[in-house]
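A quick write-up on the structure given underneath.
Just so it is clear, none of the values below were taken in a lab; they were calculated from the coordinates. Just so it is clear, the structure is predicted and the values come from calculations on it, not from any experiment. A quick note on method: Cβ atoms are made from the backbone with ideal geometry, for glycine too, and the neighbour counts reach across all protein chains shown.
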Amino acid sequence: AQSVTQLDSQVPVFEEAPVELRCNYSSSVSVYLFWYVQYPNQGLQLLLKYLSGSTLVKGINGFEAEFNKSQTSFHLRKPSVHISDTAEYFCAVTGSSNTGKLIFGQGTTLQVKP
Amino acid sequence: GAVVSQHPSWVICKSGTSVKIECRSLDFQATTMFWYRQFPKQSLMLMATSNEGSKATYEQGVEKDKFLINHASLTLSTLTVTSAHPEDSSFYICSASRRDGYTFGSGTRLTVV
């Protein structure tokens, strides 16, 4: 079974500052990892995903994440945030088949201040 | 891109009535559909996994008779909340698995009064 821990429940940051949202996972098998963003009362939008290959993954809206197998981490980063990035961010993991159950972390609220 | 259409987006019902939520894959075939529940300011909790043409697999602690899932075709999966009570009020989201990942519906806000 897989599990995901998002280490920060809330991350306040000023506009144009860099941000890192932390995610650690646990699994006994190879994993696929995802980051999603959720705006209030909406579904989830995929930011980026790691399936295989390069450990540095670039996504939409200037986000990127690095898969670190030795540290079992998949932290999300953005060099300069905007007010519009204020939202809930979820890290998720699934096992070696990417059509299996997707398990979510607790979520991190990113609050971008002007 | 792949789209999953979820309806209704919000619904208010009286306690004791049943509510059906639909998820349709518009431009692809969804062999597997996942149903999640999300409480305010919390994460998504997997309720069940449905495969086209077979019975759904429910997660531990989820009442099968309360949350009826039907996946009768490759493009439609439904979740029926039977005899709804206020504690069933929540945000419900479906997700279809595809070879390159997952596509989520826009969610349904259910309020039971």
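Relative contact order of the stretch A:3-113, taken over Cα pairs closer than 8 Å and 6 or more residues apart, is 38 percent. Note on chain B: semi-axes of the ellipsoid equivalent to its C-alpha gyration tensor, largest first and rounded to whole Å, are 22, 14, 13. Exposed loop sites, defined as trypsin sites (Lys or Arg not before Pro) outside DSSP H, G, I, E and B with at most 10 other Cβ atoms within 10 Å, are absent from the longest region of chain B, namely B:42-98. Approximating the spin labels as points 7 Å out from Cα along Cα→Cβ, the A:THR72-to-A:ALA1 distance works out to 1.4 nm. Computed over Cα pairs, the Kirkwood radius of the stretch A:3-113 leads via Stokes-Einstein (0.692 mPa s, 37 °C) to a diffusion coefficient of 236 µm² per second. Taking the charge dipole of the stretch A:3-113 about its Cα centre, with +1 at Lys and Arg Cβ atoms and -1 at Asp and Glu Cβ atoms, the residue from A:TYR50, A:SER27, A:GLN71 reaching farthest to the positive side is A:SER27. Taking label positions 7 Å along the Cα-Cβ direction at both A:GLN111 and A:GLU64, the computed distance is 2.9 nm, reported to one decimal. Summarising the label geometry, the points placed 7 Å from Cα in the beta-carbon direction at B:SER54 and A:HIS82 lie 4.5 nm from one another.
Within the straight-line cut-off of under 20 Å between alpha carbons, the lysines reachable from B:LYS20 are B:LYS55, B:LYS64, B:LYS66, sequence neighbours fewer than 8 places apart in one chain being disregarded.
Excluding same-chain neighbours fewer than eight residues apart, the lysines reachable from A:LYS69 by a Cα-Cα span under 27 Å are A:LYS49, A:LYS58, A:LYS78, A:LYS101.
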